[in-house]
Amino acid sequence: MGKVLEVNGLSKSYKKDVLAADSVSFSVDEGEIFALIGPNGAGKTTTIRMISTLITPTGGDALVAGHSIISEPAKVRENITYLPDEAGAYKTMTGKQYLEFMAGLFTGDKHVAERYIDRAAQICGLGDRLNEKIGSYSRGMIRKLLLSRAVMTEPKLAIMDEATSGLDVINALEIRKMIKKLAKETGMSFLLSSHNMLEIEYVSDRVGIMTKGHLMVTGGIDELKQRYNAANLEEVFERVVIENEVR
Amino acid sequence: MRFGNLLKKELRELITPQALVSMGAMLLLFIFLGQMLGDFTDSMEDISSATICVQDKTAFVDDILASLKEENIEVNQVELTSEDYAAELDRLELDNLVIIPAGFTDSVLVNKEPASLKIVSKVAGGGMISTAQTMSATEVIDAIEKAAEDSILLESYGITPEEIERIKAPVNTTEISVLNGKSAEVATEELSAVLMMQSMVVPIALFFMVMMASQMIMTAISTEKIDKTLETLLSTPVSRLSILGAKMLAAVISALLNAVVMMIGMVFYVGGMLGSAGEEMMNMAVAGQEVSASADGVMSAMEAMGELGMSISVGSYVLFGIQIFISVMIALAISLLLGAMATDIKSVQTLTMPIMLVTMIPFFVTMFADLNTMSTVPKLIMYAIPFTHAYTAMNNLVFGHTALFWGGLVYQLVFFAVCMFLAVRLFTTDKIFTMSYQTGAGKGKKGLIKQ
């Protein structure tokens, strides 16, 4: 299976001598769901933003579908979609207009754009509400719209920061199922980040645990549970953090 | 294609139905105000008819009424049935009435004493239009007085109307205005009025355009940041410069639309206020057309401007247009930098202040003062503000101060290049995400949004 994402020693410092991400390295295979987990300020969002070409690394590089985020950011953006945490949508547009606008940024072909929109409409399940202004949507509805937007183009890599934030249990469950299904059926890869260990345990194939800008450990869920003699991912996380603090 | 998609989205956000309604409301307000003030002006001038009650039926009074008709005042004669003026005005459905009482002729011609006239007016309210009603009746009284005066001078002293004219206007003045080493037969006051019109119309439009464009681009950028749509947008396969360009172009289009509506409103306002004369003046000021000399042979202000070398060529208009465009672009670039710092709506309002100040200060200073007569430091401060050059451009062109005009244009171009460089740099680096200005506790603090 080919690698969709290869991260090699990625670092970022906003202030002198303070590294928000410190030599982070990992990879994501085709059709794989990889999750970065860690507490607030661990460097998850910084890492994700660098891979999404939004901010420039101060060290290292990452290849998305073989394209460097530093030297070929435009090529990288053609292969990814990014869903930021707490992202909004344009309130003056209707759901449909929003999807049309976003589809138009990915393709100039009208028929392809229509296919994207139809797929998103089907995934978000908003039905006739798509013809209403986004300003009238609930937080959960906006999140569903944005999620469907992020997968409608079937990118090689969909990057999602706190994918289910703002969604109730039922909706969150639906989204997790949807991510799993898309990865399996279309071969899309996902890079997720979350505080919600339960969610990650359910949805991910592999995880990377981050604290204080460092990627401490990566591995499959079962593999890590076994390695740290833990009952669930939360316990793995706790032990990794304690182990590294003791060191 | 993708740029078109972006531009469409930006325009849809800026030109909303609400924005169109407020533009329409503004236009209606201007038309309404102009019409209202125009009504007042018209009623001031409207002495074309007069209601008179003649209680002294003599040939002398008949002559006076005939002379009023010669002055194109239509006389409407009425009879009173009582001394109750309030009831009489109500019965006759009049706002005012002039009464020539019995014995008027005897007082003037026989007793040679001041005769009595009565003017009865309804107090309609405190507004300007109700004052104008009384004033129009007073004008009729003046006309009657003049007719009586002429009759006395002719009958008692044998002075003819021609001689009266000569006595009343013994001197004929010819005003000559001198400028740029040339002279023209025109009143300086008249020339100044046209110049003021000409140099005020465009700055007003520019002022509104700069203000609107700034606010629009600031809102456009800050809303993207506040609503957290910017990150999604910047992660799509569209170049950041296209996103920036679409935002700026949409703001220019929208500001232009607003400025056009504002200008149409102003034309209606001034046109309505001054009547047909004002409209003509306004058209002249806007189009800079030359008009033919007026009937009495006195040179028109626009003709005089041509003679004095003050008329503006098409080339100058093009240069002026370029300067206005650059001014708007400078405002957009500065607003873009400021808007990118906003983290909430409150900070957007605070950040709008600097751009408002640098637009307003030169607008008012150049309207009331001459920069060339200022002392060095204030003059340099004023010239350092790029918008000053746009406000003074028209006068610099008219008065032939080409060095000042070109200097201003070059300064604006350099200023724009620097602002644009900073804006592009901001948009193509991490700074677009990390720069922030927070109101309240974290005021003025440059910080990271999220790491």
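The values are calculated or read from the model by the stated rules, or taken from the named source; none is laboratory data. Just so we're clear, the structure is a prediction, and the values are computed from it rather than from any experiment. Ideal geometry is used to build each Cβ from the backbone, glycine not excepted, and the neighbour counts take in all protein chains shown.
Could you please let me know if B:L244 is in a helix (DSSP H, G or I), at pLDDT 85 or above and surrounded by fewer than 17 Cβ atoms within 10 Å (Cβ to Cβ)?
On the way: in a helix (DSSP H, G or I): yes; at pLDDT 85 or above: yes; surrounded by fewer than 17 Cβ atoms within 10 Å (Cβ to Cβ): no.
The answer is no for B:L244.
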Q. Residues in segment A:55-65: is at least one more than 7 Å from chain B (Cβ to nearest Cβ), closer than 21 Å to A:S189 by Cα, touching a residue at least 24 places away in the same chain (Cβ under 8 Å) and in contact with a His (Cβ under 9 Å, 6 or more places away or on another chain)?
A. no
Q) From the residues in segment A:93-117 that are in contact with a Leu (Cβ under 8 Å, 6 or more places away or on another chain) and either in contact (Cβ under 8 Å) with a residue 24 or more places away in the chain or more than 10 Å from chain B (Cβ to nearest Cβ) (or both), which one is surrounded by the most Cβ atoms within 10 Å (Cβ to Cβ)? A) A:G95
Q. Which pairs do you get when a residue that is facing chain A (nearest Cβ under 7 Å), found in segment B:233-254, comes within reach of a residue that is in a helix (DSSP H, G or I) and of a type in the set (F, W, Y), reach meaning Cβ atoms under 6 angstrom, with the pair 6+ apart or on two chains?
A. none
Q: Inspect segment A:208-222 for any residue being part of a helix (DSSP H, G or I), of a type in the set (A, V, I, L, M) and touching a residue at least 12 places away in the same chain (Cβ under 8 Å) and give the result as yes or no.
A: yes
**Q.** Hits in segment A:147-187 (condition: among the hydroxyl-bearing types (S, T, Y) and surrounded by fewer than 20 Cβ atoms within 10 Å (Cβ to Cβ))
**A.** A:S165, A:T186
Q | Set B:A342, B:A333: member being touching a Cys at 6+ places or on another chain (Cβ under 6 Å) and within 14 Å of B:M216 (Cβ to Cβ) | A | B:A333
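Kindly indicate which of B:E88, B:E10 is acidic (D, E), within 14 Å of another protein chain (Cβ to nearest Cβ) and not in a loop (DSSP other than H, G, I, E, B).
B:E10
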Q) Do we find a residue being over 28 Å from A:R239 (Cα atoms) and either of a type outside the set (G, A, S) or away from chain B (no Cβ under 14 Å) (or both) anywhere in segment A:160-167? A) yes
Q | Criterion (part of a loop (DSSP other than H, G, I, E, B) and of a type in the set (D, E, K, R)) met by exactly one of B:E231, B:E175, B:E224, B:E190 | A | B:E175
Q | Given (1) crowded, with 16+ Cβ neighbours inside 10 Å; (2) more than 11 Å from chain A (Cβ to nearest Cβ); (3) modelled with pLDDT of 80 or more, index of the condition B:G34 fails | A | (3)
Q. A:L145 is checked against (1) in contact with an Asp or Glu (Cβ under 7 Å, 6 or more places away or on another chain); (2) more than 10 Å from chain B (Cβ to nearest Cβ) and fails just one. What number does that condition carry?
A. (1)
